[in-house]
Amino acid sequence: MTKGELIYNGKSKSIYKIEGEQHHVIQTFKDDVTAFNGEKHEEIPNKGYFCNQISASIFRYLEAKGIKTHFVLPYSGYEMIVKKLEMIPIEVVVRNVAAGSLTRRLGLERGKKIVFVATGSDPNTHIQEVPIVEYYYKNDELGDPLINDNHILTFGLADQSTLYSINHLARHINTFLKEYFKNINLILVDFKLEFGKDKKSDIILADDINPEGCRLWDMDTNVSYDKDLFRTGDGDFGLALEEVYKKINFSSIP
Ligand code: ADP
Ligand code: TMP
Ligand code: ASP
């Protein structure tokens, strides 16, 4: 397979054509790291390599759990061959623990576990962990604003059945990923997903999953192993990526 022309140059990844191929593309992970909608920008050596490797491991794991992902094959250390999709312009965020914009928006204490207390029952016996699923309109010019089901349907970002499937898939993926990270002693605090449609209109998990688009905290110390280290400047995001990569490779995760 020969890498063709650049189709899309994003903030942290690029998409390339494959010569003579219609239905697959190459997703290249960059060493560039940005935050606050591109306002803060640096390059971290090997960041693209670690993000590609971690994403590939997670996509393989999710495929084994029955989740359809766009991952097909590794192409190089920094690149993977993926199914070319028509992307749904929604960023789906799943939250298990209060952090980031949720704490700012609702004045919540950082680190508070997200639990659902069944109404009308004894709160001590009916507390369940129910993740919060949020939607953001994928639009850099508008700073990816928070939206709800109503906005999505009214403005035609997705139809009812697509939205239902996305919500359902996001919750399943969360269950699997919590388990994946628990194996390497990390709490999955929150994460962002993107979905696309293939030529049969099946909904496929796309983009990437790695510590750039997740919050991961050490189970014993609550220390961050994710892009918050870069956002706040309080730690070495490159080192954290390498550590997550090593934890995955030296664990029993398939
Ligand atoms: P951004 O667009 O926010 O700068 P990236 O740097 O991550 O983000 O660029 C990758 C782009 O590729 C994203 O816009 C994402 O929606 C898109 N993308 C991810 N997976 C696929 C796919 N399988 N087919 C087509 N586009 C994809
Ligand atoms: P937030 O708390 O800043 O809204 O972020 C929630 C999760 O989504 C967090 O794990 C980081 C991820 N995320 C992205 O992947 N891309 C983004 O542009 C933003 C704002 C968050
Ligand atoms: N992904 C956004 C950016 O690259 C924002 C963030 O992750 O903080 O600027």
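Computed from the coordinates by the stated procedures, all read-outs in this text should not be read as laboratory data. Since the structure is predicted, the reported quantities are computational estimates derived from the model, not experimental observations. Don't worry about glycine lacking a Cβ; one is built from the backbone with ideal geometry, like all the others, and counts go over all protein chains shown.
Projected onto their three principal axes, the Cα atoms of region 1-112 cover extents of 52, 36, 26 Å, largest first.
Inter-label distance, Ile132 to Thr103: 1.3 nm, where each label sits 7 Å from its Cα along the C-beta direction.
Think of region 66-185 as a dipole: +1 on every Lys or Arg Cβ, -1 on every Asp or Glu Cβ, centred on the Cα centre; then among Asn139, His126, Leu73, His126 lies furthest on the positive end. Subtracting the Cα-Cα distance of Asn222 and Lys3 from their residue separation scaled by 0.36 nm leaves 74.7 nm. Every helix of 4 or more DSSP H residues in the chain counts as -39500 (n - 2.57), and over all residues that averages to -9000 deg cm²/dmol at 222 nm. Seen through its C-alpha gyration tensor, with square-root eigenvalues sorted a ≥ b ≥ c, region 48-120 comes out prolate because a/c lies at 1.5 or above while a/b is bigger than b/c. Once every Cα of the chain carries one equal point scatterer and solvent is ignored, give the base-10 log of I(q)/I(0) from the Debye formula at q = 0.08, 0.14 Å⁻¹, two decimals. Relative scattering, expressed as log10 I(q)/I(0), comes to -0.31, -1.01. When a/c is below 1.5 the answer is rounded, else prolate if a/b is larger than b/c, else oblate, so apply that to region 146-217 with a ≥ b ≥ c taken from the square roots of the Cα gyration tensor eigenvalues. Prolate.
Would you compute the Debye intensity of region 93-188 from its alpha-carbon atoms alone, equal scatterers and no solvent, and pass along log10 I(q)/I(0) at q = 0.10 Å⁻¹ to two decimals? Those come out to -0.35, one per q.
The slack between Phe250 and Gln22, meaning 0.36 nm per residue of separation minus the straight C-alpha distance, is 78.4 nm.
Taking the Cα centre of region 23-103 as origin, sum charge times position over the Cβ atoms of Lys and Arg (+1) and Asp and Glu (-1), and report the length of that vector in debye to the nearest 20.
My answer is approximately 400 debye.
Straight-line cross-link reach from Lys113 at under 26 Å between alpha-carbon atoms covers these lysines, not counting any fewer than eight positions away in the same chain: Lys65, Lys178, Lys182, Lys192, Lys227, Lys247.
Per residue, the average separation of C-alpha pairs within less than 8 Å and at least 6 apart gives region 98-198 a relative contact order of 16 percent. Model label points for Lys68 and Ser201, set 7 angstrom from Cα along the Cα-to-Cβ axis, are 1.2 nm apart.
Only Cα sites of region 118-254 enter the Debye sum here, all with the same form factor; the resulting log10 I(q)/I(0) across q = 0.22 1/Å is -1.34, listed in q order. Among all the lysines, which ones have a C-alpha under 18 Å from Lys3's C-alpha, if same-chain residues fewer than 8 places away are not counted? Once the sequence-local lysines are set aside, what remains near Lys3 is Lys13, Lys17, Lys30, Lys83, Lys84. The mean sequence distance of close C-alpha pairs (under 8 Å, at least 6 residues apart), as a share of the length of region 7-87, puts its relative contact order at 28 percent. On the basis of the beta-carbon distance and an R0 of 41 Å, Asn150 and Lys11 show a calculated FRET efficiency of 0.90. Got the relative contact order for the chain handy, in percent, Cα pairs under 8 Å and 6 or more residues apart? Worked out over the chain, it gives 17 percent.
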